[in-house]
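**Student:** My questions all concern the structure below.
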Amino acid sequence: MQLLGWIHDKDWSEWDLQLEADEASGKLNFLIDEALEEKKYAS
């Protein structure tokens with residue numbers, strides 16, 4: 001059970017690092033653009 005917890009935590013740690021790297025590189029900017037565009041039409 002401890003091994004499974006360690007694997008789970010490691011997986012999430014790698015996910016967090018990748019997400020941070022993608023955000024820093026601007027790879028996710030399209031999500032902000034889409035959200036702002038949707039907000040224009042929702043108001």
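We did not get these values from a lab; they are worked out from the coordinates using the rules stated. Remember, predicted model here, so these are calculated numbers, not experimental data. No Cβ is skipped: glycine too gets one built from the backbone with ideal geometry, and neighbour counts run over all protein chains shown.
**Student:** Quick test for you: out of 31, 4, 36, pick the one residue that is of a type outside the set (Lys, Arg) and surrounded by 10 or more Cβ atoms within 10 Å (Cβ to Cβ).
**Tutor:** Going through 31, 4, 36 in turn, just one is of a type outside the set (Lys, Arg) and surrounded by 10 or more Cβ atoms within 10 Å (Cβ to Cβ): 31.
**Student:** Still on this structure, please answer the following. Does region 24-31 contain any residue that is more than 15 Å from the chain's Cα centre (by Cα) and not aromatic (Phe, Trp, Tyr)?
**Tutor:** no
**Student:** Sort out which residues of region 7-28 are surrounded by 10 or more Cβ atoms within 10 Å (Cβ to Cβ) and not in a helix (DSSP H, G or I), and write them in order of number.
**Tutor:** Of everything in region 7-28, those that are surrounded by 10 or more Cβ atoms within 10 Å (Cβ to Cβ) and not in a helix (DSSP H, G or I) turn out to be 27, 28.
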